[in-house]
Amino acid sequence: MFRARNKPKGFRYTCLGKLANPLLRLGAPIGVNVEKGQASQAIADFVSKYSIVGKEVHGIRFWLRLLASTKLVPTDRLMPLADGANSLLSILAAIIKNSRF
């Protein structure tokens, strides 16, 4: 991990912003694909959209772990987000599994 001896003013917030932006960008495709899945006319399309949502949630988990490793955000603030992502993955897996029958 990069450690600067004389960190410029605002260094923490600049780094935090650069790491948080991918998390914000991943949120939009999740909502869009859920909406598309709900409007789908075929089961295969529904499963496809929800599978994409699962991949996006895996991406969010990656960025949360990366953010936690930087120590810029306390772990106790990130844990509820990670727990929510894990719960969402479990729900998505159940939805996809039950939709394929």
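In the range 86-98, the residues that are within 17 Å of residue 63 (Cβ to Cβ) reach residues that are in a helix (DSSP H, G or I) with C-beta atoms within less than 6 angstrom, at least six apart or across chains, in these pairs: 88/57; 89/57.
Taking the conditions exactly as written (among the hydroxyl-bearing types (Ser, Thr, Tyr) and modelled with pLDDT under 95), does residue 90 satisfy them or not? Here the answer is no, as residue 90 does not meet what is asked. Restricting attention to the range 54-85, the residues that are in contact (Cβ under 8 Å) with a residue 24 or more places away in the chain, surrounded by 13 or more Cβ atoms within 10 Å (Cβ to Cβ) and over 8 Å from the mean Cα position of the chain (by Cα) total 5.
The values are calculated or read from the model by the stated rules, or taken from the named source; none is laboratory data. Bear in mind that the values here come from a model prediction, so they are computed numbers and not experimental data. Using ideal geometry, Cβ is built from the backbone for each residue, glycine included, and neighbour counts are taken over all protein chains shown.
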